[in-house]
Amino acid sequence: MPERKILLVDDVDYTRQLLRNNIMAICQSGKIRNKNFTFYNAGKASAAMDLFSMQLPGMVFLDIELPDASGLELLKKFKALKPDCFIVMVSGVSTLDNVKQSMADGAASFIVKPFTGDKILAALRLYERYLTQ
């Protein structure tokens, strides 16, 4: 399987690291087919937008609450640039409105913080199914 790019967007460095570590552990466990990901990290919407534009990742884990913009706005911009991008919203603010808005704007999934490895695995399996459609 070819290399896949994942952009991790969260204002908390520890959360981005935890996501990356979970994904790497899942890859090493053999629970998904793809084991070759390149990771990009952003703590602000502006940095995320720059990285997204340059790298055009296939998958994004995107927080809603960012210091310089809403992740919901970024979601719209990402989908406009790359409509087939698989975006997973990750937020501690899991109101029904946030979930509905995320899905309406093109998010593929929504994970509530604090997340578990099982939730990340489910998102990665969804992504693999998406790639084979």
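With each label point set 7 Å from Cα along the Cα-Cβ vector, what nm distance links T116 and M24?
Each label point lies 7 Å from its Cα, and together they span 2.4 nm.
For F39, put the label point 7 Å out on the Cα→Cβ axis and report which residues of the range 104-119 keep their amide N under 11 Å from it.
Output list for this probe position: empty.
Which FRET efficiency value, to the nearest 0.05, do you get for E128 and Y14 by plugging their Cβ-Cβ distance into 1/(1 + (r/R0)^6) with R0 = 25 Å?
On the way: r = 27 Å, r/R0 = 1.07.
After rounding to 0.05, the efficiency reads 0.40.
Using only Cα atoms, tell me the angle between helix 117-131 and the longest principal axis of the chain; keep it within 0 to 90° and round to the nearest 10.
So the helix axis and the longest Cα principal axis differ by about 80 degrees.
Please determine, in degrees from 0 to 90 and to the nearest 10, the orientation of helix 71-81 with respect to the longest principal axis defined by the Cα atoms of the chain, where the helix direction is its Cα long axis.
Once rounded, the angle reads 70 degrees.
In what sequence, largest accessible area first, do M59, M54, M24 appear using a 1.4 Å probe? Spell out each step's value before the answer.
On the way: M59 0, M54 135, M24 65 Å².
Ranked from most to least accessible, the order is M54, M24, M59.
From the protein chains alone at 1.4 Å, what is the descending order of accessible area for Y14, Y127, Y40, largest first? Please report the intermediate quantities before stating the final value.
Values: Y14 160, Y127 10, Y40 50 Å².
My answer, sorted largest first, is Y14, Y40, Y127.
Tell me the per residue accessible area of the range 1-111 using a 1.4 Å probe; a whole number in Å² is fine. Before the final figure, lay out the partial values.
Numbers: 5270 Å² over 111 residues.
Ligands and nucleic acids excluded, the result is 47 Å² per residue.
Counting only helical runs of four or more DSSP H residues, what would the 222 nm mean residue ellipticity of the chain come to if each run contributes -39,500 (n - 2.57) and the total is spread over all its residues? Could the numbers behind the result be given before it?
On the way: 5 runs with 63 residues, N = 133.
Here the helix-only value at 222 nm equals -15000 deg cm²/dmol.
When the accessible area of the range 1-74 is computed with all protein chains present and a 1.4 Å probe, what percentage of it is carbon and sulfur?
On the way: 1760 of 3540 Å².
Summing carbon and sulfur atoms, their accessible area is 50 percent of the total for the range 1-74.
The values are calculated or read from the model by the stated rules, or taken from the named source; none is laboratory data. None of these values were measured; they are calculated from a predicted model. Reconstructed Cβ throughout: ideal geometry from the backbone, glycine too, with neighbour counts over all protein chains shown. Side chains are part of the model used for accessible areas, which takes the heavy atoms of the whole protein and leaves out ligands, DNA and RNA. Shrake-Rupley method; radii C 1.70, N 1.55, O 1.52, S 1.80 Å.
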